[in-house]
Amino acid sequence: CGGGGCRVPGRVGWVWCGEPGPRRTPRRAGSNPGEEPKAPEKSESKKQNEQAAEKGNGHGVLGQLKDTVGGALPGGDKDKDEGKKGGKGGGGKKVKVTNIVEHIDVGAPRRLVYDQWTQFQDYPSFMKKVISVDQSDETKLNWKAKIFWSARTWESTIVEQVPDEHVVWRSKGPKGHVDGTVSFHELSPNLTRVLVVLEYHPQGFMERTGNLWRAQGRRARLELKHFRRYVMTQSLTRADEIEGWRGEIRDSEVVRTHEEAMEDEEKSTKTANIKSSKKTTTAKNAKAHEEEYEEV
């Protein structure tokens, strides 16, 4: 500064460079001589945000990014969209389930639609991903289908089956399985709605990967369209040749066989024909009596 006292502009007003004397050192307001200048203090809210980001507790940008990516990857963010089995306080085993609900309207009578649905061995001829279906008995089915570039097998058990009403099944397989129900609803004499509800349990790598973008739901929708196409272009033209399984299953056991159901149906048809014939005869006799009475 020079020999005399000088002042330099500070943050607040003017300050002396140092103590009075020939040697004075310039300094900032609010600092002591010989100390390094201090950086401005951070606000309390800014400190809290930085601490939250460092801890990764989900409040900072890094935490939010972690939550987003973790929830999308298989096995990441397992607490979301998963069901829990057993255990108190969330300590049980977690199982991921994909819920699939689809329906389609088929322009055919309900009986024909149901009968064609129960012809499981025909599925590979019109469904794109089904390779083979082997039925060992009335309640057991062995499936083989394509999942991406791989082939998967599983076994399904029919738990309940009521003709023209619904079919309920459970399944098991090494790479995942599908449990579900299909029901048949008559909208008009020649229009039937098929409602399918599936619980898909993916376990393999390809299955979990496809589950990220709901590939299974789109596959179920497409296979239903193939079923409708087959019924309306093939089954309708040979409806008399299609004989579905008309038996009944309860609790995975056959309570009425196909033969018993057909016999009961035949008896009911004969009884209905006899009643109809009697009504026709009675009506003719009544008309004849009326004509005779008018002549008299």
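Things worth noting here:
- Selection count where residues are at negative phi and outside any strand (DSSP E or B), scope the stretch 127-172: 10
- Taken together, E160, E199 contain a single residue that is of a type in the set (D, E), farther than 14 Å from R111 by Cβ and over 21 Å from the mean Cα position of the chain (by Cα), which is E160.
- Qualifying residue in the stretch 119-129 (condition: farther than 28 Å from E253 by Cα, among the aromatic types (F, W, Y) and at pLDDT 50 or above): yes
- In the stretch 153-167, the residues that are under 19 Å from Q216 (Cβ atoms) and either among the charged types (D, E, K, R) or without any contact (Cβ under 8 Å) to a residue 24 or more places away in the chain (or both): T153, E155, S156
- Scope the stretch 140-159; condition surrounded by fewer than 17 Cβ atoms within 10 Å (Cβ to Cβ) and under 29 Å from A261 (Cα atoms); matching residues: K140, N142, E155, T157
The values are calculated or read from the model by the stated rules, or taken from the named source; none is laboratory data. Just so we're clear, the structure is a prediction, and the values are computed from it rather than from any experiment. Heads up, the Cβs are rebuilt from the backbone with ideal geometry, glycines too, and the neighbour counts pull from every protein chain shown.
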